[in-house]
Each structure stands twice: as structure tokens, then as C-alpha cells.
Amino acid sequence: MPELVGKEFRFATHVPAIYNVRPDIHVIKEILHYSDGSTKANLRIIENFKRPIWITQPHHRNHIEKKEFESMDKLNKYMTTESDLIHTIKMRLNDSRYSTAKTLRDVRDNPYLYGVDITATTMMKHAYMQKYPNCNTPYSVAALDIETDIDTDEITIIGVGMIDRFYAAISSKLVDGIPNVVSQLQYLFKKYIPSQTMRESIVPVFELYDTEVELVRAAIDKLHAWQPDIAAIWNIDFDMSHMINACTKDGVEPKDIFSDPSLPVEYRDFKYKKDTDFKITESGVRKPKGPHEMWNTVKCPSSFYWLDAMSVYNFVRVGGKQVPGGFSLDHVLGKELGSEYKKLKIFNEDDRANSSVEGTVDWHRYMSHERPLEYIIYNAWDILSMISLDVKIQDMSISMPLLSGPNDFDIFNQSPKKLVGELFFLYQEKGLVIGCKANQQDTEDRSLGLDSWIKKSTQYICPLI
């Protein structure tokens, strides 16, 4: 039997404690490495993980300004869970001004507080990187795409795919009255999906469902079964918002679909956080952001991390040349892979489907009403072309994980925060602890380019591994 020789950290999700319901939880997606070269995905649950914070010793509290860092011998270290972080800070500061504090923002202006801008998940990731430095494999990537009825806004198709598989959950209303739907779709898949893709190794699966929430559950269940590291959507807000709405309309909590089914019910959680749609320039001007400049995040304990592939494409290239022509999937495919990878063209020039611009409201209405089977294949191509794109440019499988260093993917778009995570471990090597950011808003652009990352630390030993 092969021996376990290493563990590779993918990401971790923090699930806050709820009194009398669940403890503080971290769910880690890791890849187990064995002596025979094989690997296995694993979800690891850590209860009540304690991370350090540092507070200046009373006899060294002789300054009123915040410091960038402080020597460890002038600080007291305290251990706390993420859920108890604010309570621990209030108790250890012992200052009545913070008695009503509820968030980190309420206490971070204190000049004697250090190391609190670093999350427990960052410390976990760094610990894995230190103990198993040779465990580095590309992330596995799945893609998801939905189609909706133009008139009712209901979800009609949810497709998911990976490099060697494809699955589509289809509304029965979309194909009502069409005979032999599944066999026809399998034929059209082979006919229209370009042969230069991974088509030859894929046996597509198509299933019909009556309600929107059934479509969502079926597609997400496939992802749970496949256990990719990344679940990618091009322009995530459209698809995620519709899937959440489908759940809530049917009285289903998204956490019960999106959380890994192996987790106890009380450990499940779900939060979709939409990024602000504006940024503040150095001159203080409020400037709108395009969808590719937003970093929308999903907090949910599962075996895959949700990413907006369009935003990843943008932020991996921040600091380099701007992408001319915009960030539509069609344009990026043409730029990176060539014109043969652009949106699927499956009709003759005289077909009504080509009489209006592809992707417009009229085009989608015609396709869903008059050519629903081809519309489903169109959805499949959107997914498989996204996978083909990452196979070529490796943004999600290699570049983004590498450029994140020890930091959470949640802050990949925020270079200053990533830099703090890197400096934390560098300062530790020198016997120092980094301070925490004051509350006043920094007006600098958060997207400052691609950062390097620190490889070794000895001062703080994570108790996790």
C-alpha cells in the first residue's frame, strides 16, 4: 500500500462559530501525495484552530502613533480562534473605548495591536508550504455556464465541464415536444464541438429537470462528485445571482446545495459577496469599474473554489499591457487561441440564427425558442472553450495560485493586502511582528501588479501540521 509522503494545500474556508450550534470551523481542501506518485483530493475539517495576535506590553506603550512593526520581545502573544478574535482583542487591550467593538475595524486603530490583518487561513497555507515544499501540482479546473429564458429570466440550462467530461442539466420546458432529446444532443455534440478540443475523450451527459432549483442542484452535485479545485464562471455575477435566486424562490438555502454534502448540516455555510462597482482614484474621483475589474467571492465550504475566470484573466495581467478589444469570452478566445475557438458557429449563413448578432437578446430568444438543441450545444461550447483557454494560458491552474503566495484567493485583486501577508512571514524571520492597517481609507489603486512571495519562516510554527 503506498505511503503518504506529502500534503498540498489548495484553499481553506472559514465557517464562523455559532453558539450551541457549531464550533469555529476551517474546511481545508488538500491534495494527498503518495509514494507511488498518485494523489487524492481530501477535505480536512479543523475545529477551533487558534491563531496568534500580539499586543504591546504595558511598559512599552509609550507611543500614540501606529508602527509598521514591533520587536517580539516588546509584545505579548495571545492565541485565539477567528470567531473569538474581536473578543480576545478587547479583553487583552483592557480599554473601555473598545467595549462595544464588534468588528476588526472597531479596534484596528489601536497603536498597540499587531498581526491581526493576517488570517488563520493564510497561516495554515504557509504552514503547508513550509512542511511540504515539493508538493506543487497544477490546480484542476471545472467551468460552469447557465442560459436563461429571455422573457421569463428562468434558468433553462446549466452546463458544467472539465477537460475530460461534460454534463448539462436542462429544463424540460425548453425541449418540450422534441423526441429522443438525449440521443439527438449526443449526436449534435459530436457534430458541432470542434475536434481540436478535448471532444474525443468526452462522453457528454444530458439530463432533464422540471424546476430551476433541480437544475442548480444537479449541476452542483456533479461538481461535488468531480471535486475540482476551481469552479470557474466567465462573469460570475450573472450565473451566481440566478442560481441563488432559484434556490431562494423554492425555499432552499444555498448552503445546502453549495456546501460539500459530506459536511454535517450544521457546518454548512454560504455567502456570495459582490465587489463594489467603483474605485477611488488618487485624486479622490469615484470611477466605475468594469465587470473584469470586480472580484466577486463565494464563501462556502466545498472541494472547489469559485472564481470569475474573466476577472482572473484581468488581474493576472495587471501591470502589463491592457487587453485591446475588451474582456468578452469570444474576444479573449480569439486573441489567445485563434479564430477557430471563437463562439460556436453551427448554422448556415442564410439561417435566421445568423440574421442578428450572436449573443444579442433577439438571438438568444430565437435560439431558445426555435433551436433549443443547438442552443444546448452552444452552452457546452462556452464551457469547453473556457477549459481549453485555461489549458493554454494556465491562469487558474498555475498562475493565480502561484501569484497568490501564502494569501487567500479572496484578496488576489488587492496587491497591498497580499504584500502584508508576504511581509508578515518576512518580519517573523527577523523577530518582528507587522502592525495592522489604520481605518482611514487608502486611495491608492488596489491593483498594483504581480507580487513575489516569501518562501521561508521560522518564528511562528503553525500547530496545524
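Here are some notes:
- Computed accessible area, residue 398, all protein chains, 1.4 angstrom probe, square angstrom: 60
- Where only C-alpha atoms are counted, convex hull volume of the range 365-429 per residue in Å³: 104
- Spherically averaged projected area in nm², based on the convex hull that wraps the Cα atoms of the range 190-324: 12.1
- With all protein chains in place and a 1.4 Å probe, the accessible surface of the chain carries 49 percent carbon and sulfur.
- Diagonalising the gyration tensor over the Cα atoms of the range 163-234 and scaling each eigenvalue by 5 before taking the square root yields semi-axes of 21, 20, 9 Å, largest first.
- 0 to 90° range, to nearest 10: angle between helix 236-249 axis and the chain longest Cα axis: 80
- Taking Cα atoms only, the orientation of helix 415-429 departs from the longest principal axis of the chain by about 40 degrees.
- Rounded tilt (10° steps) of 372-393 against the dominant C-alpha axis of the chain: 40
- Coarse-grained scattering of the range 1-108 at q = 0.09 Å⁻¹, given as base-10 log I(q)/I(0) from a Debye sum over alpha-carbon atoms: -0.40
- For the chain, accessible area per residue (1.4 Å probe, heavy atoms of protein chains only), Å²: 46
- Kirkwood Rh in Å, taken over all unlike Cα pairs in the range 282-345: 14.1
- For the chain: span of alpha carbons on each principal axis (Å, largest first): 83, 61, 42
The values are calculated or read from the model by the stated rules, or taken from the named source; none is laboratory data. Since the model is a prediction, treat every value here as computed from it, not as a measurement. Surface accessibility is based on the protein's heavy atoms, side chains included, excluding ligands, DNA and RNA. Shrake-Rupley method; radii C 1.70, N 1.55, O 1.52, S 1.80 Å.
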